[in-house]
Amino acid sequence: MIPLGYYIGLSAILFTIGVVGVLTLRNAIVIFMSVELMLNSANLALIAFSAYSGDPAGQILVFFVIAVAAAESAVGLAIIIALFRNKLTVNIDEVNVLKW
Amino acid sequence: MFETHLLSYIIFTPLVGAVLLLLVRNETIVKSLSILFAAITFILTVVLYLTFDAAKPGFQFVEYVPWIYSLNVAYHLGIDGISLLLIVLTSFLTLIALVASWSSISKRVKSFNFFVLLLEVGMLGVFCSLDLFLFYIFWEAMLVPMYFIIGIWGHERRVYAAVKFFIYTMVGSLLMLVAIIWLGYYASTLPGGTFTTNLVELYSIAPTIPLGIQTWMFLAFTLSFAIKVPIFPLHTWLPDAHTEAPMAGSVLLAGVLLKMGTYGLLRFSLPLFPESAFKFLPLMAILAIVGIIYGAFVSMVQKDLKKLVAYSSVAHLGFVVLGIFAITVESIQGSVIQMVNHGLTTGALFLLVGMLYEKRHTRLISDFGGLARVTPFLATFFMIAMLGSVGLPGLNGFVGEFLILVGAFKSDFLGTPAYAIVATSGVIFAAVYLLWMYQRVFFKTVDKPENEKIKDLNVREIAVLAAIVVFVVWIGVHPITFLSKSEPAVKALVDTMVKAKVGALGALR
Amino acid sequence: MNLELVVFLILAAAAVVSAILVITRKNPVTSVLYLVFNFFIIAILYLFLRAQFIAIIQITVYAGAIMVLFLFVIMLLNLGDDKLLKWKLNSKRTIASLIGLVLLAEILYYVVNFVSASSLAPGSESMGTVGAIGKILYRNYLFPFEITSILLLAAMVGAIFLAKKRFTEGSDGD
Amino acid sequence: MSFNYNDMIAVSPILFLSAYSLLLLIVDASLKRPANICYWLTLVGLVVSGFLTVFTYNASGNAFNGMVFTGRFPAFFEIVFVLSAALSVLLSKPYLEKERINFGEYYTLLLFATLGMMIMASARDLMVLFLGLELMSISLYVLAGFVRRDAKSNEASLKYFLLGAFATGFLLYGIALVYGASGTTNLSVILERFSVTQNDPLLWIGAALILVGLSFKISAVPFHMWVPDVYEGSPTTISGFMSTGSKAAAFAALVLVFSYSVHPSWQLQLVIAYLAAFTMVIGNLIALVQTNIKRMLAYSSIAHAGYALVGIAAANSLGRTGVLYYMLAYTFMQIGAFGVVSVLENKEGKYLQISDYEGLANKHPVIAALMALFMFSLAGLPPLAGFFGKYYLFASAVSAQMTWLAVVGVLASVVSVYFYLNVVVSMYFKELPEGSTSVAISKLGATALIIAAAAVIELGLTPGYVVALTERLF
């Protein structure tokens, strides 16, 4: 039997990797991928909690999160395309009309 | 009905006038209308003065309308003898200032009159409020019109002066706001207590605050008032603001706004936190004396007439503060009457300097000389105002300073006559710098051709100054007319303080 | 050590390694592929947790649709070209991530320590099937479900607006 | 059935606005030049949902299986959102025409965002809260980048999006941990189980992560770095909408989580208090050196988030009232200030520097007077709305034994006075530069500004009515 703590531990590690990715990376698309990692780690935690308490609410929430992630990526990628048209870059160091 | 709402009528008449002004376009009508409303307000305050019954204890003309239930804030007005005198002074000086600046303001006349009337609302409100929240609202609201008056119609460095004035006052008053909130909160922690900012209730509650916290409260309130007065190290905004403000602005600033600081000390700092007041009494007295001496010395070396008058205010207000912290009936009576005196004489001096500036476009003392021959009327009025300020017996200044010094001399609270003795030297210094200035400006021969052409005062200007001189002489000759109104209130205050002192000593034993 | 635990540990290690690879690869195309791999592993873990429906969704929607969208955009904008993607760290960011790391290590410590080693709840066997989820979804969670539909619509409107090349009205400068 | 008609009536503003925005989408798609019609339809829709809100005000309870609150709390915030949206929309038409971005999608997305805010404020379940937040955010990401030809707008959109998604990650992980600790995502059930779970570190870590996620949305320091860029780059009307509506929505969420459900322990209270203190001080200090008026307003909006956070930190009923009142007051003054900017600025970027406002009082006396009023209210001068809000919030801090926080707050306000006055100095005390031409002021824009100004004065003079509305919320 795998203890619940193992799942949560794994999800915390993945979450950390995602956070570090967002903070250190320079490429908008890869930053966004790191965010997806964070969302997934949260999903994993939700499913684990849900399974160990026998309450389906967690799974429902994950279902919604996946829908949200889909919506976010559609909008996010559209924003990147719009920016790319104007600036031809997605490197946020070169996005410098406004100070970062 | 009329009397029960008299204070509200007085406060809001100028506001009605200000709003009506916005509907008028013609400049002459604007000016007349604002003078009309200032005059109505003045008449109302005279009625107030006549109906005020000095024999009755406590606050009179009380109005109480609940305003914000959840915080127990009320529209709570009422006056005693001290506020009565200041209210009359305010409405009088506003009227004078408006009449005097009939021709001196040339741009944005409507806005100017609008702001002066708005300022009057704030000033009157401050003197009438018996709720700390309401008091704070008027106290702050008055900042804005003054800020605009200095900033738009002032002289060269007006922006700097206006912002400095605003920020200085704001620093003090916001700390006072926290203290007010804390007082309200403290009231709610007492058994059966609710959050309240009602001054009358707080008079009995506040002195029970543990001394450690009471000290902070006292400091927060007193800092705010000390900046306004201004007491010595906090005075640096004053010369800038006074010098850069237009004539009417200087008159109201010196005449009324500074008094709000000393009024605050009398109304809030002392009776709310008597024990902490005793603790800081020597410090305040020393600062007052430093202010007297410093103000005099700095005045002596000023080259600019307006700056000289401005610094003389620091010295005069030093006397007032000394009188307040001496806590005897004589000294506080002296302080109250000196507040009025300073409003009248310094107001008159600012008017005269302003009129001179209007005619000659300079304020440097060295640019003048021998004006007594060219402009005899102006010289005469200047002399009366100046002598009143010096404290010549028979004129108003003497009465106030004499009472303050007598009170300070025998004060139990100060404990030593040393303060009074040092302060007396201030009277002499005042005579020196004012007389010397007068001599340089008005005596000797006319050595500059521009000065030959200066026109003397016109009828309007004479009327304005004459009105002030009437009171200058009246107070000088028969001060009891005014002193009798404030006496019971002052006595009650001194009683409270003495009781607190006895109580504190008892607690020590 | 039982077999289940061994399999779990292998999967977990693979998930962590692939996640690290996602954020360290220079080429975004590679990153996406590692991310897809990571999602697959998580989907398997969902099966371990008896969340069958979510596991399917994870593969079809997440790994399948969303990540393909990523790939598509990267290819469209030709981001495989390294010139645009300088990889550098500046000190402020390093400090920030160090702090983040410490913070999260702390969270991890607490989490692993305090979440009790309880077993899977009884009756959770059939909890995650499509039928079970669907029933609850449409009965108890109808309101959030409807919100999600509006959310997707809003995203669609927005995405189309931003990505559309030219507007018929021509009042938009481009 | 899991819901009935009473449920539908109780959440009628949300249902109405959902249906209405779909209708608007159809209108937009089927007409040839839809922008103007969409504009008026949006205004009508907002007004109607505002009216519906008033009717639901006293229907306290919950609906849809305990998914949403109904009654006072959501109704109060819904009114704030509707006002914020309606004023923004009113200002938008002239602005969009000036910027040549007058598309129907603008209004649809704005309604979607408002809808998201409403859902957030009604959420009785963290799931609903999360979805509402996302609906609002996604619509706003697009609106921030609405000027597609402008690189600044694109970048604002990208930054907002990346930081917003990052914040979502924190929020979601926090929700997951709270779910783990409480075994539910329902706020009321979390509250019921609070006596059992309150010693569980998992709950507090989760709550802290939710706090971080929402801190991004309210722009609390140190999670504020996106704000100035995004507000500067976005269309000005949207900056106004974002800085009021979305901030109010995030505060509604904060109240729901921390004031209704998970009562903060004193450690967490202290953390929030520090957050508030830093936000007030740093926001105001950085605002001092701004020369661009939109950036200045952005930093000022950061500082104002700090003031409102004081109420959350105090975690008492005064604080709750303070937050609600402040959000309403702040909405009017901030939209007013951004509104003035939107009315004056033009496509070439004129009237975006504070120095461009020199002598404005001579040229446009009414606009200058309104701007001065908003500045004084933002600075917290009585008797305007901003002052009373601060009074309430500082009172809540004092009564929560955090007098130091009130002192920090007033000192920060003193700093703020300086830069707000700076605008007034420019408008009134400086002379009009040579050869400056006056701007055509649109009537619609002026109407919105006057409404906002009237509300700022009215809220300051009679705050009692609004305060009464904030009692017995749940």
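Things worth noting here:
- The residues of the range D:191-226 that are within 26 Å of the chain's Cα centre (by Cα) and outside any helix (DSSP H, G or I), listed by number, are D:S219, D:A220, D:V221, D:P222, D:F223, D:H224, D:M225, D:W226.
- B:V406 passes every criterion in (1) touching an Asp or Glu at 6+ places or on another chain (Cβ under 8 Å); (2) crowded, with 24+ Cβ neighbours inside 10 Å apart from (2).
- You will find that of C:F39, C:F8, C:F48, the residue that is within 19 Å of A:L39 (Cα to Cα) and either surrounded by 17 or more Cβ atoms within 10 Å (Cβ to Cβ) or modelled with pLDDT under 80 (or both) is C:F39 and no other.
- The selection criterion, being buried (at least 22 other Cβ atoms within 10 Å of the Cβ) and either assigned to a helix (DSSP H, G or I) or hydroxyl-bearing (S, T, Y) (or both), does not hold for D:Y418.
- Where A:A70 falls short, out of the listed (1) surrounded by 22 or more Cβ atoms within 10 Å (Cβ to Cβ); (2) of a type in the set (A, V, I, L, M); (3) at pLDDT 90 or above: (1)
- For the range B:145-171, a residue qualifies if it is surrounded by fewer than 22 Cβ atoms within 10 Å (Cβ to Cβ), more than 16 Å from D:S416 (Cβ to Cβ) and touching a residue at least 40 places away in the same chain (Cβ under 8 Å), and the qualifying residues are B:I152, B:H155, B:E156, B:R157, B:Y160, B:K164.
- Those residues of the range A:1-14 which are among the hydrophobic types (A, V, I, L, M, F, W, C) and under 10 Å from A:L44 (Cα atoms), in sequence order: A:I8, A:L10, A:A12, A:L14
- Any hit, the range A:34-43, residues being farther than 15 Å from C:A63 by Cα, at pLDDT 85 or above, touching a strand residue (DSSP E or B) at 6+ places or on another chain (Cβ under 9 Å) and assigned to a helix (DSSP H, G or I): no
- Residue, nearest to the other protein chains (Cβ to nearest Cβ), within the range D:167-190, restricted to residues that are assigned to a helix (DSSP H, G or I), under 21 Å from D:N62 (Cα atoms) and among the hydroxyl-bearing types (S, T, Y): D:Y179
- Filter pass, B:S389 being at pLDDT below 85 and in a helix (DSSP H, G or I): no
- Take the conditions (1) under 27 Å from B:M176 (Cβ atoms); (2) within 11 Å of chain B (Cβ to nearest Cβ); D:E471 misses just one of them, which is (1).
- Annotation note: of D:A406, D:A369, D:A379, D:A385, the sole residue that is small (G, A, S), over 21 Å from the mean Cα position of the chain (by Cα), closer than 26 Å to D:I286 by Cα and surrounded by 22 or more Cβ atoms within 10 Å (Cβ to Cβ) is D:A406.
- Residue among B:P233, B:P191 that is surrounded by fewer than 22 Cβ atoms within 10 Å (Cβ to Cβ), more than 14 Å from chain D (Cβ to nearest Cβ) and free of Cβ contacts under 8 Å to residues at least 40 places away in the same chain: B:P191
- Search result, residues across the range B:1-26 that are closer than 11 Å to B:L48 by Cα and in a helix (DSSP H, G or I): B:L6, B:L7, B:Y9, B:I10
- Answer residue from the range D:357-387, given it is touching a helix residue (DSSP H, G or I) at 6+ places or on another chain (Cβ under 7 Å) and not in a helix (DSSP H, G or I) and is farthest from the other protein chains (Cβ to nearest Cβ) among those: D:E358
- Test set (1) at pLDDT 85 or above; (2) more than 22 Å from B:I332 (Cα to Cα) - B:I421 fails condition number: (2)
- The residues listed here are B:T215, B:T197; of these, the one that is in contact (Cβ under 8 Å) with a residue 60 or more places away in the chain and surrounded by 24 or more Cβ atoms within 10 Å (Cβ to Cβ) is B:T197.
- Candidates in the range C:127-158 are the residues that are assigned to a helix (DSSP H, G or I) and of a type in the set (F, W, Y); of these, the one that is nearest to the chain's Cα centre (by Cα) is C:F145.
- Flag: B:G184 matches the condition of being among the small types (G, A, S) and either within 18 Å of B:W139 (Cβ to Cβ) or surrounded by fewer than 23 Cβ atoms within 10 Å (Cβ to Cβ) (or both).
- Among the conditions (1) of a type outside the set (K, R); (2) surrounded by 17 or more Cβ atoms within 10 Å (Cβ to Cβ); (3) within 14 Å of another protein chain (Cβ to nearest Cβ), the only one that D:Q401 does not satisfy is (2).
- Residues of the range D:105-142 that turn out to be touching a residue at least 60 places away in the same chain (Cβ under 8 Å) and among the β-branched types (V, I, T), as a count: 4
- Near pairs, Cβ below 9 angstrom, 6+ apart or cross-chain, from the range A:8-31 (within 22 Å of C:A43 (Cα to Cα) and within 7 Å of chain C (Cβ to nearest Cβ)) to any residue that is of a type in the set (D, E, K, R) and not in a helix (DSSP H, G or I): A:V30/C:R25
- The helices (runs of 4 or more DSSP H) located wholly in the range D:1-109 that include 1 or more residues which are at pLDDT 90 or above occupy D:12-30, D:35-56, D:72-99.
- Taken over the range C:68-82, the criterion of being within 17 Å of A:I79 (Cα to Cα), more than 7 Å from chain A (Cβ to nearest Cβ) and modelled with pLDDT under 70 is satisfied by C:N78 alone.
- The numbered conditions (1) within 24 Å of A:V19 (Cα to Cα); (2) within 9 Å of another protein chain (Cβ to nearest Cβ) are all true for C:N27 except (2).
The values are calculated or read from the model by the stated rules, or taken from the named source; none is laboratory data. All values reported here derive from a predicted model rather than from experimental measurement. Note that we place each Cβ from the backbone using ideal geometry, even for glycine, and neighbour counts take in every protein chain shown.
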